[in-house]
Amino acid sequence: MTLNIRDATPADVPQILQFAKDLATYEREPDAVTATEADIHEGLFGAKPLVEALIAEIDGVAQGFAIFFKTFSTWTGKPGFWLDDLYVNPDARGSGAGTALLKAIAALAVARGYARFDWWVLDWNTPSIGFYKAMGAKAMDEWTVYRLDGDALD
């Protein structure tokens with residue numbers, strides 16, 4: 001088995017959208033993805049890219065992905081990364097692909113002089129929580145996520 005982590009390319013856009021749909025299904029929101037291939041392409045490869053993406057390949061076949069973007073902390077005075085999506089196909093879990101994706105993003109953060117790397121996880125997702133803790137991540141339990149969308153955002 002050969003595991004490779006690489007930057008996403010425009011040719012990966014259909015696969016990235018499928019991974020996003022698969023992740024939404026896993027997270028019990030199968031109809032939540034409204035993005036199109038054009039949206040994904042613009043976000044990753046448009047004139048002003050908003051996010052970065054890595055692809056995990058096993059023996060040359062895409063098995064997972066990570067989408068992340070730059071944040072900024074006034075407390076540290078430095079940027080960080082926010083991991084928006086991390087997904088590995090069920091058959092490839094345990095292969096090291098998820099670990100390799102997280103390590104690759106962490107290495108990018110260190111290389112760029114960033115102060116931290118954050119994400120959230122659903123409370124019921126105990127397999128992922130265990131995986132993140134095994135990587136040395138700590139829960140920020142005292143924080144509550146809030147969101148404005150739809151009419152409230154308008």
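Tell me which lysines have Cα within less than 30 Å of Lys48's Cα, excluding those fewer than 8 residues away on the same chain?
Counting by Cα, and skipping residues close in sequence, Lys48 has these lysines nearby: Lys21, Lys70, Lys78, Lys103.
Suppose R0 equals 25 Å; then what is the FRET efficiency for Phe69 and Thr126 from their Cβ-Cβ distance, rounded to the nearest 0.05?
My answer for the efficiency is 0.40.
In percent, how large is the relative contact order of segment 1-136, given Cα pairs closer than 8 Å and 6 or more residues apart?
Value for segment 1-136: 21 percent.
Averaged per residue, what accessible surface does the chain expose to a 1.4 Å probe, in Å²?
Computed with neighbouring chains in place, this is 64 Å² per residue.
Provide the per-residue ³J(HN,Hα) series for segment 114-125, in order, calculated from phi with Karplus coefficients 6.51, -1.76, 1.60 and θ = phi - 60°, each as a whole number of Hz, with x at glycine and proline positions.
7, 8, 7, 8, 10, 6, 10, 9, 5, 4, 7, 7
How much length, in nm to one decimal, is gained on full extension between Tyr146 and Glu29, taken as 0.36 nm per residue of separation minus their Cα-Cα distance? Spell out each step's value before the answer.
Values: separation 117, 0.36 × 117 = 42.12 nm, distance 1.82 nm.
Gain in length upon complete extension: 40.3 nm.
Would you work out the charge dipole size for segment 96-154 about its Cα centre, treating the Cβ of every Lys and Arg as +1 and the Cβ of every Asp and Glu as -1, and quote it to the nearest 20 debye?
Computed charge dipole of segment 96-154: roughly 540 debye.
Given the DSSP H assignment, sum -39500 (n - 2.57) over each helix run of at least 4 residues in the chain and divide by its residue total; what's the result at 222 nm in deg cm²/dmol, nearest 500?
After summing the helix terms and dividing by the residues of the chain, the value is -10000 deg cm²/dmol.
How many percent of all Cα-Cα pairs in segment 1-97 sit more than 24 Å apart?
Values: 1188 of 4656 pairs.
Everything past 24 Å amounts to 26 percent.
If ligands, DNA and RNA are left out, what is the accessible area of Thr34 with a 1.4 Å probe, given in Å² to the nearest 10?
Answer for Thr34: close to 120 Å² accessible.
Leaving ligands, DNA and RNA out of it, work out the accessible area of Asp7 with a 1.4 Å probe and give it in Å² to the nearest 10.
Around 110 Å² of this residue is reachable by solvent.
Of the candidates Phe131, Phe117, Phe68, which one comes out as most mobile in a Gaussian network treatment of the chain with C-alpha springs shorter than 10 Å?
Maximum fluctuation in the GNM of the chain, among the listed residues, is at Phe131.
Given the alpha-carbon gyration tensor of segment 6-45, what are the semi-axes of its equivalent ellipsoid in whole angstrom, ordered largest first, with each equal to the square root of 5 times an eigenvalue? Provide the component values of the computation, followed by the final result.
Working: eigenvalues 76, 24, 8 Å².
Computed over segment 6-45, the values are 20, 11, 6 Å.
Among Ala32, Gly94, Gln15, whose Cα projects farthest towards the positive end of the dipole of the chain, with charges put on the beta-carbon of Lys, Arg (+1) and Asp, Glu (-1)?
So the residue furthest toward the plus end is Gly94.
Determine Rg/Rh for segment 57-151; Rg is computed over alpha-carbon atoms and Rh is the Kirkwood hydrodynamic estimate from the same atoms.
0.99
Keeping the other protein chains in place, figure out the carbon and sulfur percent of the accessible area of the chain, with a 1.4 Å probe. Can you show the working numbers first?
Values: 5340 of 9890 Å².
Answer for the chain: carbon and sulfur cover 54 percent of the accessible area.
Any idea of Ile58's accessible area? Nearest 10 Å², probe 1.4 Å.
20 Å²
Roughly how big is segment 52-154's charge dipole about its Cα centre, with Cβ charges of +1 (Lys, Arg) and -1 (Asp, Glu), in debye to the nearest 20?
Result for segment 52-154 is approximately 600 debye, rounded to the nearest 20.
The values are calculated or read from the model by the stated rules, or taken from the named source; none is laboratory data. All values reported here derive from a predicted model rather than from experimental measurement. Because the Cβ atoms are built from the backbone with ideal geometry, glycine has one as well, and the counts that use them run over all protein chains shown. These accessible areas exclude ligands, DNA and RNA; they are computed on the full protein's heavy atoms, side chains included. Shrake-Rupley method; radii C 1.70, N 1.55, O 1.52, S 1.80 Å.
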